[in-house]
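Worksheet for the structure shown next.
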Amino acid sequence: MNVICRFCSAFRFQGELLNCCHNGKVRFPSLQECPLLLRRLLECDNHEARNYRDDIRHYNAACSFASFGSDVIMPPGRGPYCFCLQGQTYHFISGLHPNNDEN
């Protein structure tokens with residue numbers, strides 16, 4: 001990435017046709033400061049921080065592959081597959097590591 005947008009300071013490649021902020025017409029809010037706990041986990045060199053960085057992909061995978069739960073009501077008739085949700089929608093996630101009695 002060797003080109004910097006003169007309006008929003010975004011980086012892009014020389015041949016990239018991306019119009020990131022439409023020549024300054026779109027304004028992005030400033031990024032918020034990283035939470036202190038997350039900053040410590042990413043920058044410190046203690047056991048807990050190293051463990052977090054070593055297993056960060058496992059944590060992300062465990063949270064991103066959650067099971068979806070809801071009361072599903074199938075619409076009547078024929079047509080493309082779809083479903084309607086009624087009531088509360090929620091996600092189930094399990095522990096990052098299996099229990100001692102599980103493989």
Counting Lys and Arg as +1 and Asp and Glu as -1, each charge on the Cβ, what is the dipole of the stretch 1-50 about the Cα centre in debye, to the nearest 20?
280 debye
Taking a crude spin-label model, label points 7 Å out from Cα along the C-beta direction, the Cys20 to Glu43 distance in nm is 2.3 nm
By how many nm would the segment from Ser30 to Met1 grow when fully extended, if each residue of separation counts as 0.36 nm and the alpha-carbon distance is taken off?
8.3 nm
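Throughout, read-outs are computed from the coordinates displayed, never taken from laboratory work. Nothing here was measured: the structure is a model prediction, and the numbers come from that model. Cβ atoms come from the backbone with ideal geometry, glycine included; neighbour counts cover every protein chain shown.
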